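Heads up: the structure comes next, in structure tokens.
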Amino acid sequence: AKRRTAQLRAQDYAETQKEQLAKLIFAAQGTKFGQDHMFSKISSISEYQSVVPLRYYENFWEDYWKADFPRLINCTWPGLIKYFPVTSGTTSGATKYIPFSREMQASNQKAGVDLLVHHLNNQPHSKIFGGRSFMLGGSTDLVEAAPGIFTGDLSGIAVKTLPWWARQRYFPPTELALLKDWEEKIEKLATASLDRNITLLSGVPSWLLIFCKKLFELVPGAEGKLHKVYPNLEMLVHGGVSFAPYYAQFCKLLEGSRAEMREVYPASEGFIAIADRRYAEGLRLNLDHGIFYEFVPLTELTSPHPTRHWIENIEKGVSYAIVITTCAGLWSYVIGDTVKFIDLDPPRILVTGRTSYCLSAF
């Protein structure tokens, strides 16, 4: 943690992002996408932006992925893509299959380590490794779309690709994680977790509230206080939706506990940011995780030639649509979220909304 903290403090934000983009372009120059966009001739961010336009999921699907799905080989990223997180398609209404490479797996694991680094900086006498990390997610059961190629919930892919050191400290066990029926699942998870030393609890806020209600039914003496169920809980990790409507409820749940709340910004497309300070003080961008970020003022997003900012020329307080280029083969991909910067040193964001507000059937 001390070593990683020193790296983060010494980080040159603009130079780091330049290096990330250069590595991504070099890695993908032999792919179909790289050849179509003459990656071998790109030597600067401005050149990259001039030849690679902003794209949405539908553009990638129709132009590059649809014809060969699910066997994407050297398409927009080198090699064979073995995993595809499935999302509900909040803005488009269509189910999305997002490529997930080995490099993206490593990127997500690095973000998970950074989450623990920030925690240890805030609680240097932490004993979080003495217990289990409880990930409350959907079913981890994956669908084999082709031999050796799987689609499913991102949490399921994360569990299947956990590093060995994390697997030893992970809860729930596979037989419970695979359960699809939500009512049965929370009943069994809650019961089984009472016999475990839970030091970290994570999930979407609304799911966590429902789960905690079940916990308190099983432990009547808990009186709505989480530390009476998990006395060694150190961190409650939340993400996926705005936490503002839930903040007061979680403050009550954690009264008397030494656990801290820590927000994360993981998407199917990449793990973007982590809170390194308290709630509402911004999420620090993960700048050296194999993702290059661009920021388009929301007012310009639909214009023919929008301004494409990056870390070197961002401004505080502006509502930006976030655009990402990743080590899974997304290139200037409009992710659908809007953010604003509240700090520039280091770059910290608040997620402010979506680029459109069309609910899917899901």
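The values are calculated or read from the model by the stated rules, or taken from the named source; none is laboratory data. Keep in mind it's a predicted model, so treat the numbers as computed, not measured. Cβ coordinates were reconstructed from backbone atoms using ideal geometry, including for glycine residues, and neighbour counts include every protein chain displayed. The protein model used for the area step is the full one, side chains on, heavy atoms only, and it has no ligands, DNA or RNA in it. Shrake-Rupley method; radii C 1.70, N 1.55, O 1.52, S 1.80 Å.
Things to note:
- Value of [θ]222 nm, deg cm²/dmol, for the chain, DSSP H segments ≥ 4, -39500 (n - 2.57) each, nearest 500: -8500 deg cm²/dmol
- Counting only residues at least eight positions apart within a chain, or on another chain, the aspartates and glutamates with an alpha carbon under 13 Å from that of K96 are E58, E62, D153, E269.
- Pairwise inverse Cα distances across region 189-241, averaged and inverted, put the Kirkwood hydrodynamic radius at 11.3 Å.
- Heavy atoms of F171 accessible to a 1.4 Å probe, total area in Å² rounded to 10: 0 Å²
- Inter-label distance, nm, simple model (7 Å from Cα along the C-beta direction), S139/T16: 3.9 nm
- With all projection directions averaged, the alpha carbon convex hull of the chain covers 17.9 nm².
- Full-extension gain in nm, F129 to K188, via 0.36 nm per residue minus C-alpha separation: 18.9 nm
- The accessible-area ordering, largest first, of the residues T87, T174, T326 stands as T174, T87, T326, per a 1.4 angstrom probe.
- Annotation: region 6-127 has a Kirkwood hydrodynamic radius of 17.0 angstrom, from the mean reciprocal C-alpha pair distance.
- The alpha-carbon atoms of region 157-212, seen along their principal axes, cover 30, 23, 21 angstrom, with the largest extent given first.
- Cross-link partners for K213 among the aspartates and glutamates, with Cα-Cα distance under 15 Å and sequence neighbours closer than 8 places in the same chain left out: E183, E184, E187, E223.
- Entries in K82/K180; K82/K160; K18/K110; K160/K180; K2/K225; K18/K41 that, when Cα-Cα distance is taken, lie over 21 Å: K82/K180; K2/K225
- Candidates I149, I335, I324, ranked by Gaussian network fluctuation over the chain, Cα under 10 Å, top entry: I149
- Two-decimal ratio, region 291-358, of alpha-carbon radius of gyration to 2.2 N^0.38 Å: 1.05
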